[in-house]
1. Among the complete DSSP H segments of the chain, which ones combine at least 15 Å of alpha-carbon extent along their axis with a mean Kyte-Doolittle hydropathy of 0.0 or more?
2. With springs only between Cα atoms under 10 Å, which of Pro57, Pro98, Pro32 fluctuates most in a Gaussian network model of the chain?
3. Rounded to the nearest 0.05, what FRET efficiency do Thr35 and Met61 have when you use their Cβ-Cβ distance and R0 = 35 Å?
4. Tell me the net charge near Ala106. Cut-off is 14 Å between Cβ atoms, Ala106 excluded, with +1 for each Lys or Arg and -1 for each Asp or Glu.
5. Work out the length of the dipole vector of the chain about its Cα centre, built from +1 on the beta-carbon of each Lys and Arg and -1 on the beta-carbon of each Asp and Glu, and round it to the nearest 20 debye.
6. I'd like the FRET efficiency for Ser15 and Lys75, computed as 1/(1 + (r/R0)^6) with the beta carbon distance as r and R0 of 30 Å, rounded to 0.05.
7. Do any of Lys29/Lys99; Lys16/Lys75; Lys75/Lys117; Lys16/Lys91; Lys27/Lys99; Lys27/Lys75 go past 20 Å between their Cα atoms, and which?
8. Given the C-alpha atoms of the chain, compute the convex hull and give its volume per residue in Å³.
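Values quoted throughout were computed directly from the atomic coordinates according to the rules given, and no laboratory measurement underlies them. The shown structure was predicted, so the numbers you read here are calculated from the model rather than taken from an experiment. Here the Cβ positions follow ideal geometry from the backbone for every residue, glycine too, while neighbour counts run over all protein chains shown.
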Amino acid sequence: MSNIGINTSTFRITSKYLDILNDFIVKAKINPEITEARQEQLIEFLSKLTDVNNTEPQFQMLSSIIERELRNSHKRPEIFFTSLIEDIQNKDTETVIPKIELITEALDVENSEILAKIIGD
């Protein structure tokens, strides 16, 4: 795949999950209750990110982006994800939102960098 193809694919994937996570944050700030459907969606997403046997390229890429940001923030990814899943299961919106914001920040930075490459290519 060409650089343009890889960049475009990365841009689309990061945009998709960035939209989903941003939507969660906005809705959680308006109504702090985490619905069952949203809870399942977030746990499924995070479980795919942390599954070392997951061979889906999009989740391998997303996991790499997010884990890099966590390490740069001096956080251990396995502990971060485990505690985030527990917080979601406990519907602890106050602790979930900042953690989801950290993930969205990592995806947003990557998304912006890729967009700059696409426009510059």
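1. TM-like helix candidates: 3-30, 77-89, 93-120.
2. Looking only at Pro57, Pro98, Pro32, the largest GNM fluctuation is found for Pro57.
3. Once the sixth-power term is evaluated, E becomes 0.80.
4. Charge balance near Ala106 sits at -3.
5. Dipole size: approximately 220 debye.
6. In this case the efficiency is close to 0.80.
7. Where the Cα-Cα span goes over 20 Å, the pairs concerned are Lys16/Lys75; Lys75/Lys117; Lys16/Lys91; Lys27/Lys75.
8. Hull volume normalised by residue count: 101 Å³.
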